[in-house]
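**Q** Quick one: this structure, given as structure tokens, is what I'll be asking you about.
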Amino acid sequence: QVSLVESGGGEVSTGGSLRLSCAASGSAFTDYNLAWFRQAPGKEREFVAAVDWSGIGKYYADFVEDRFSVSRSNVKYEGYLQLNSLKPEDTAVYFCAADRNWGRVVGNTRHLEAWGQGTLVTVIS
């Protein structure tokens, strides 16, 4: 099994940027596709972005609107989510997740093989 730890969250003003990282350990990193989800207080966890095992295939939720960029390093065993042009409605705990099946990662399911503990992003007006 792969283990995931997120970092990079913090507080920024509207229009600011953050870079989130997801450090992986355990099972072979390149066996897994990576995804990012977020959960605001009182709301259901929602999909944000995903990158496949090669780092080439990418998929984003509609609300991203070209503001975010997902990537990974198969040398460093890390995934990344670059957050730009942040809005107050982006405030949430951001989670990384991993699954060997690409269909599950982008198929509107929350039952993935591994999850991190999350990192908080707060965007103020």
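**Q** Pull up the range 103-125, narrow it to residues that are polar (S, T, N, Q) and part of a strand (DSSP E or B), then point me to the one that is least open to solvent (accessible area, probe 1.4 Å).
**A** Here the residue is Thr119.
**Q** Can you say whether Asn84 is within 17 Å of Ile124 (Cα to Cα) and either at pLDDT below 95 or not hydrophobic (A, V, I, L, M, F, W, C) (or both), as far as the supplied structure shows?
**A** yes
**Q** Let me ask another. Report, by residue number, each residue of the range 51-71 that is closer than 17 Å to Asp90 by Cβ and either open to solvent by less than 40 Å² (accessible area, probe 1.4 Å) or not in a loop (DSSP other than H, G, I, E, B) (or both).
**A** Within the range 51-71, Tyr60, Ala61, Asp62, Phe63, Val64, Arg67, Phe68, Ser69, Val70 meet the criteria.
**Q** Among the strands (runs of 3 or more DSSP E) confined wholly to the range 1-50, which include 3 or more residues that are among the polar types (S, T, N, Q), in contact with a helix residue (DSSP H, G or I) (Cβ under 7 Å, 6 or more places away or on another chain) and more than 13 Å from Glu113 (Cα to Cα)?
**A** Result: empty, no element qualifies.
**Q** Next up: I'm checking my understanding of the structure. Among residues of the range 85-102 that are of a type in the set (D, E, K, R) and not in a helix (DSSP H, G or I), which one is surrounded by the most Cβ atoms within 10 Å (Cβ to Cβ)?
**A** So, considering only residues that are of a type in the set (D, E, K, R) and not in a helix (DSSP H, G or I), the one surrounded by the most Cβ atoms within 10 Å (Cβ to Cβ) is Asp99.
**Q** Another question, then. Taking the condition of being assigned to a loop (DSSP other than H, G, I, E, B) and either surrounded by 15 or more Cβ atoms within 10 Å (Cβ to Cβ) or without any contact (Cβ under 8 Å) to a residue 60 or more places away in the chain (or both), how many residues in the range 72-84 meet it?
**A** Summing the residues that are assigned to a loop (DSSP other than H, G, I, E, B) and either surrounded by 15 or more Cβ atoms within 10 Å (Cβ to Cβ) or without any contact (Cβ under 8 Å) to a residue 60 or more places away in the chain (or both) in the range 72-84 gives 4.
The values are calculated or read from the model by the stated rules, or taken from the named source; none is laboratory data. All values reported here derive from a predicted model rather than from experimental measurement. Note: ideal-geometry Cβ built from the backbone for every residue, glycine included; neighbour counts use all protein chains shown. Please note that ligands, DNA and RNA were not included when accessible areas were found on the heavy atoms of the full protein model with its side chains. Shrake-Rupley method; radii C 1.70, N 1.55, O 1.52, S 1.80 Å.
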